[in-house]
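Scroll down for the structure; my scribbles are underneath it.
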Amino acid sequence: MSIHDQAQTYREEADTFGVLQVPTDRYWGAQTQRSLQNFDIGGVTERMPEPLIKAFGVLKRAAAQVNMTYGLDARVGDAIVKAADEVIEGKLLDHFPLVIWQTGSGTQTNMNVNEVISNRAIELLGGELGSKTPVHPNDHVNMSQSSNDTFPTAMHVAAAIEVNQRLIPAITLLRDAIQAKSDEFKHIIKIGRTHLQDATPLTLGQEFSGYAQQLTYGIARVQATLPRLYNLAQGGTAVGTGLNTREGFDVKVAEAIAEITQLPFKTAPNKFEALAAHDAIVESHGSLNVLAVSLMKIANDIRFLGSGP
């Protein structure tokens, strides 16, 4: 046992199943701790992805903003917003230990987020961690929400942000670099090959123009899937009916998420589809699969070109 382990202290947190010991230096609560015990599998590499956790921060911030318009105490709501901002900024990532192995709807991760934001908000307000006062993880942070609509929403928000901020800029940079090489190589004549056999001449620039076009199409394919990713399940609550939420909450929370992310998110036109299926994720994955095949083809061609003559 290390010195750090010997010095570890704990506080008591409770859920409907009873009391658990939670490390005092962690913001999570009883439901997170129980999940760690019940799903003692995987490791750091199998934790819920960082973009998903940050997307949950976006969602909880947006929900608090909207809930304050429906009567949530402004002092509580502002503290939730501040805590959620720290999640979005990646300042609290050490407090999200759960792996992907858990119950089907992602309830434990949703509650992990609720508990962390609740306890951090309590701390910001000078309260006692684990007291659930004055910020309750379920009644306040999860107000008008369910794991069944928050998790699909966070998935869409995370995917859309990653596609827009990381994937498309990276592939565009690569495409532009290949196009520049195509222009640079336009006077270099070489032999073309079919089935690895010498065929007829072409320029190296023409060959590279094909790669640039593949990536142009790849970018377009990925972008074509974004409209369905921008549809959010939030507001459907448990099964799509919107039970236990406010009228208009779905539209307002989507608008708030769009404002936070600067992406055109909107409420899904059919919450039953949004909760019961992940077709938009599958569609987006399909476009990534095509892009991966294109990149493999380009890489293999360039490897062959390096083989001579």
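The values are calculated or read from the model by the stated rules, or taken from the named source; none is laboratory data. Being a predicted model, the structure only gives us computed values, none of them experimental. Neighbour counts run over all protein chains shown; Cβ positions are idealised from the backbone, glycine included. When the accessible area is computed, the model is the full protein with side chains, heavy atoms only, and any ligands, DNA or RNA have been set aside. Shrake-Rupley method; radii C 1.70, N 1.55, O 1.52, S 1.80 Å.
Averaging sequence separations of C-alpha pairs under 8 Å and six or more residues apart, then dividing by the length of the chain, give the relative contact order as a whole percent. Let's see the in-between values first.
Numbers: 450 pairs, mean separation 50.5, N = 309.
Taking the mean separation of contacting Cα pairs over the length of the chain, I get 16 percent.
Taking the Cα centre of the chain as origin, sum charge times position over the Cβ atoms of Lys and Arg (+1) and Asp and Glu (-1), and report the length of that vector in debye to the nearest 20. Write out the running numbers ahead of the final one.
Working: 26 positive and 33 negative charges, 171 e Å.
Dipole size: approximately 820 debye.
Calculate, for the chain, the solvent-accessible area per residue in square angstrom, rolling a 1.4 angstrom probe over the heavy atoms of the protein chains.
Working: 15810 Å² over 309 residues.
Value for the chain: 51 Å² per residue.
Tell me the label-point distance for the pair Thr103, Asp176, using the 7 Å Cα-to-Cβ offset, in nm and rounded to one decimal.
Each label point is offset 7 Å from its Cα along the Cβ direction, giving 4.8 nm.
If packing is taken as the average number of other Cβ atoms within 10 Å across a peptide's residues, how do 81-88, 107-114 rank, most packed first?
Working: 81-88: 21.5, 107-114: 25.6.
Per-residue mean Cβ counts within 10 Å order the peptides as 107-114, 81-88.
Taking a cut-off of 29 Å between Cα atoms, list the lysines near Lys252, but don't count ones fewer than 8 places away on the same chain.
Lys252 reaches Lys54, Lys60, Lys82, Lys91, Lys132, Lys266, Lys271.
For region 160-309, what % of the accessible area comes from carbon and sulfur atoms, probe 1.4 Å? Could the numbers behind the result be given before it?
On the way: 5220 of 8810 Å².
Heavy-atom surface of region 160-309 belonging to carbon and sulfur, 1.4 Å probe: 59 percent.
Would you mind checking which residues have amide H under 5 Å from Gly242's amide H? H placed 1.01 Å from N; only 5 or more apart, or other chain.
For Gly242, the qualifying residues are Thr237.
List the aspartates and glutamates whose Cα sits under 20 Å from the Cα of Lys297, skipping any in the same chain fewer than 8 residues away.
By straight Cα distance, Lys297 reaches Asp176, Asp198, Glu207.
Where in the chain are the DSSP H helices whose alpha-carbon span along the long axis reaches 15 Å or more and whose Kyte-Doolittle mean is at least -0.5?
Working: long enough: 50-69 (29 Å, 0.34); 74-88 (20 Å, 0.63); 107-124 (25 Å, -0.35); 147-162 (22 Å, 0.19); 168-184 (24 Å, 0.06); 204-229 (39 Å, -0.08); 249-261 (18 Å, 0.81); 279-305 (39 Å, 0.72).
The qualifying helices are 50-69, 74-88, 107-124, 147-162, 168-184, 204-229, 249-261, 279-305.
R0 = 22 Å: FRET efficiency of Thr24 with Asn138, Cβ-based, nearest 0.05? List each step's numbers first, then the result.
Details: r = 22 Å, r/R0 = 0.99.
Approximately 0.50, to the nearest 0.05.
Compute the length gained on full extension between Leu288 and Gln8: take 0.36 nm times their separation in residues and subtract their Cα-Cα distance, giving the result in nm to one decimal. Kindly include the intermediate steps, with their values, before the conclusion.
On the way: separation 280, 0.36 × 280 = 100.80 nm, distance 4.43 nm.
Value of the extension gain: 96.4 nm.
Along the Cα→Cβ direction, 7 angstrom out, place labels at Ala220 and Thr45. What is the inter-label distance in nm?
3.8 nm
Once the whole set of protein chains is in place, how much accessible area is left on Ser131, using a 1.4 Å probe, in Å² to the nearest 10?
Result for Ser131: roughly 50 Å² accessible.
Which of Val253, Val290, Val157 ends up with the largest GNM mean-square fluctuation for the chain, with Cα atoms connected below 10 Å?
Val290
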